[in-house]
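K.L.:
I'd like to ask you about the structure that follows.
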Amino acid sequence: QVQLVESGGGLVQPGGSLRLSCAASGSIGSIRVMGWYRQAPGKQRELVANIFSDNSTNYADAVKGRFTISRDNAKNTVYLQMNSLKPEDTAVYYCNAYIGAVVGSAVLRYWGQGTQVTVSS
């Protein structure tokens, strides 16, 4: 079993910053991709950013230049540094990872439980 545990959400004023963390634990063979998605009330879940095993990244247009994704392979952890936050960034943020099995070639997708980010004055 693999678990993704997020932390770092909360309430912040517009223009402020937050840092989200997501740690993977359990039976981990290799982590291919780690990323963050978000879901605002009444909207579909959307990609925020991904980071691949070669440290290449991609970002949603809405967060480019404001958010930075990074990973610590030794800790099986991905981070999302969010700067210049806007009210429209308010959402539940979910960690996501594609993880290879310890034995065999299976690669499965896992989700964290989500952490609330609220940007409001």
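The values are calculated or read from the model by the stated rules, or taken from the named source; none is laboratory data. It should be emphasised that the depicted structure is a prediction, and the values quoted were computed from it without experimental measurement. Using ideal geometry, Cβ is built from the backbone for each residue, glycine included, and neighbour counts are taken over all protein chains shown. Just so you know, the surface numbers come from the protein's heavy atoms only, side chains and all, with ligands and any DNA or RNA stripped out. Shrake-Rupley method; radii C 1.70, N 1.55, O 1.52, S 1.80 Å.
K.L.:
Pop out the ³J(HN,Hα) list for segment 32-46 in order, Karplus 6.51 cos²θ - 1.76 cosθ + 1.60 with θ = phi - 60°, rounded to Hz; leave Gly and Pro as x.
P.N.:
Residue by residue, segment 32-46 yields 7, 9, 10, x, 10, 10, 9, 9, 8, x, x, 10, 6, 5, 10 Hz.
K.L.:
Using the per-residue mean of other Cβ atoms lying within 10 Å as a proxy for protection, in what order, highest first, do the peptides 39-46, 58-65 fall?
P.N.:
Working: 39-46: 10.4, 58-65: 13.2.
The most tightly packed comes first, giving 58-65, 39-46.
K.L.:
Once R0 is set to 22 Å, what does the formula 1/(1 + (r/R0)^6) return for the Cβ-Cβ distance between T68 and E46, expressed as a FRET efficiency to the nearest 0.05? Write out the running numbers ahead of the final one.
P.N.:
Details: r = 18 Å, r/R0 = 0.81.
For T68 and E46, the calculated efficiency is 0.80.
K.L.:
Further question on the same structure: What does the accessible area per residue of the chain come to in Å², with a 1.4 Å probe and no ligands, DNA or RNA counted? List each step's numbers first, then the result.
P.N.:
On the way: 6340 Å² over 121 residues.
Averaged over the residues of the chain, the accessible area is 52 Å².
K.L.:
By how many nm would the segment from Q3 to Q116 lengthen if fully extended, with 0.36 nm per residue of separation less the alpha-carbon distance? Before the final figure, lay out each step's value.
P.N.:
Values: separation 113, 0.36 × 113 = 40.68 nm, distance 1.84 nm.
Roughly 38.8 nm would be gained on extension.
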